[in-house]
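Visitor: Starting off with a structure, shown below.
The values are calculated or read from the model by the stated rules, or taken from the named source; none is laboratory data. Source: prediction; values computed, not measured. Please note: Cβ atoms are built from the backbone with ideal geometry, for glycine as well, and neighbour counts cover all protein chains shown.
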Amino acid sequence: MYNFRYLAVLTAVHGLAAVAGSEELSDSGEFIDGVAAIVNEGVVLKSELRSSTALIRERAKAENLQLPPTDILQEQVLERLIIEQIQMQRAERFGIQISDQMVNAALTQLAQQNNFAFERMPEILARDGIDYAAYRRDMRKQMTLEQLRQIDVIGRITASPREIEQCVSDLENNVVGNSEFNLSHILISVPEAATASQFAAAEARANEVYEALQDGANFGEMAVRYSDSQTGLEGGSLGWRKGDQLPTLFSDIVIDLGEGEFSQPIRAVSGFHIVKINELRSATKKSEIEQINVRHILITPNEIIDNETAQQRLTEAAEKIRAGENFAELAKLMSDDPGSVNEGGNMGWQGPGTYVPEFEEAAQKAEIGEVTDPFRTRFGWHILEVLGKRTYDNTEELKENNCVQRIRNSKLANESELWLRRLRDEAFVETRI
């Protein structure tokens, strides 16, 4: 069984098949359709409504879920189809297009996740009675909606400087969350629904263990002898745990302990715990990247300047620079790159992955102060000069970037809901069922 990411896409075709018998017939015996809702300049068909409703019934039956009455279910499904139609119309107005190559890339990734070759997908889908062409169409639609959401919602969610500053401060002050702990543990347990006397007996035993540890007893040996935890026979070892993944009981304990220290017995529902920190390390690691500072001149071929002319102009420019002419001045006169032309072609300090592969390869191969021969990328022809290379500590930038992502994620659900509600309110909708 394959764990398809877009399971809804796979089963939607089953929904169509399931309701084929319920289509209305014309006098000539052909299937006819009707309009369930008019949505702006588009429509939701009754066949879409029936197939989607059947799909949901199938899922509910498979998962043993109780559905609402038929009229309410139909109303809910229709509303979802209306909102989807509104989004697709908006994506069309934005000019969002998902190419065959993009669909192939998404399907290839999906196939790899399920350990089969992309070429086998039609065959594997067919085993479940799923039409490959219909699957591709629905995949394209899902990708279109996701790209619309990126533009219309995610791209407009901002993180203010104050929010970022507060987030970074919270991360830095969260000692437990920013640490990793190598822990050991001793549990003196009590039975379920233990009586007060049973708790008292367990507490007395835990205190005896604690006193022995204070007198120098080996924690691992004491765990093997006394711990009721499943890790007792391993000396109580819990291994490395991230601070933000610790149970609340343990996170409250370890915040007051240093490396090699152990806690007093801590009472919990299950009994009394003694926790030891064997090793401690920061989960926020220093991050360094290799950066490069280059300046370049770009000539983009057009109707007037062909490839050969562009290459020749840059060859001559490179020779002039090597002979002593100022790179920056020539860049201001010649370069077609609007982002750097006013800076004399200077691109600033940039890390790996900033440039297209051909440009990055040329920059990495060039020595500092060397002017390259002309080379081509998708943007046109370039020459470049490397002004410097350095190892850069980007730890703080990573913290800020992580905080921006956290802040955006925290706002995403609410902003998406408001966005859909606004689109729905602004649309013309007339239901016909």
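Visitor: Can you tell me which residues in region 227-274 are among the small types (G, A, S), in contact with a Leu (Cβ under 7 Å, 6 or more places away or on another chain) and not in a loop (DSSP other than H, G, I, E, B)?
Guide: Answer for region 227-274, where residues must be among the small types (G, A, S), in contact with a Leu (Cβ under 7 Å, 6 or more places away or on another chain) and not in a loop (DSSP other than H, G, I, E, B): A268, G271.
Visitor: Looking only at region 158-174, filter to residues that are modelled with pLDDT of 80 or more and charged (D, E, K, R); which one of those is surrounded by the fewest Cβ atoms within 10 Å (Cβ to Cβ)?
Guide: The residue in question is R162.
Visitor: Let me ask another. Give I164, I83 a once-over and let me know the one that is of a type in the set (A, V, I, L, M) and in the same structural domain as E48 (by TED's automatic domain parsing).
Guide: On the way: I164 fails: in the same structural domain as E48 (by TED's automatic domain parsing).
Residue meeting the stated conditions: I83.
Visitor: Has region 83-90 got any residue that is of a type in the set (A, V, I, L, M) and either farther than 23 Å from E430 by Cα or free of Cβ contacts under 8 Å to residues at least 12 places away in the same chain (or both)?
Guide: no
Visitor: Test of understanding: among A217, A159, which residue is assigned to a loop (DSSP other than H, G, I, E, B) and within 31 Å of the chain's Cα centre (by Cα)?
Guide: Every option except A159 fails the conditions.
Visitor: To continue, here is another question. Mind listing whichever residues of region 302-324 are in contact with a helix residue (DSSP H, G or I) (Cβ under 8 Å, 6 or more places away or on another chain) and either surrounded by fewer than 16 Cβ atoms within 10 Å (Cβ to Cβ) or modelled with pLDDT under 95 (or both)?
Guide: Correct list: I305, K320.
Visitor: Using the structure shown, decide if E400 is in contact (Cβ under 8 Å) with a residue 24 or more places away in the chain, among the acidic types (D, E) and outside the structural domain of I299 (by TED's automatic domain parsing).
Guide: yes
Visitor: Could you say which residue among I96, I86 is within 21 Å of Q147 (Cα to Cα), part of a loop (DSSP other than H, G, I, E, B) and at pLDDT 90 or above?
Guide: I96
Visitor: Limited to region 57-80, what total is found for residues that are assigned to a helix (DSSP H, G or I) and surrounded by fewer than 20 Cβ atoms within 10 Å (Cβ to Cβ)?
Guide: Summing the residues that are assigned to a helix (DSSP H, G or I) and surrounded by fewer than 20 Cβ atoms within 10 Å (Cβ to Cβ) in region 57-80 gives 15.
Matching residues to (1) at pLDDT 85 or above; (2) more than 16 Å from P265 (Cα to Cα):
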site: A204; (1), (2): yes, no
site: D228; (1), (2): yes, no
site: S237; (1), (2): yes, yes
site: K242; (1), (2): no, yes
site: Q245; (1), (2): no, yes
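Visitor: I124 versus (1) surrounded by 11 or more Cβ atoms within 10 Å (Cβ to Cβ); (2) under 24 Å from the mean Cα position of the chain (by Cα); (3) farther than 26 Å from V429 by Cβ: which is the lone unmet condition?
Guide: (2)
Every residue, every condition in (1) charged (D, E, K, R); (2) more than 30 Å from E259 (Cα to Cα); (3) over 35 Å from the mean Cα position of the chain (by Cα), yes or no:
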| position | (1), (2), (3) |
| --- | --- |
| A310 | no, yes, yes |
| T315 | no, yes, yes |
| R322 | yes, yes, yes |
| N326 | no, yes, yes |
| G348 | no, yes, no |
| G353 | no, yes, no |
| V371 | no, yes, yes |
| R376 | yes, yes, no |
| T391 | no, yes, no |
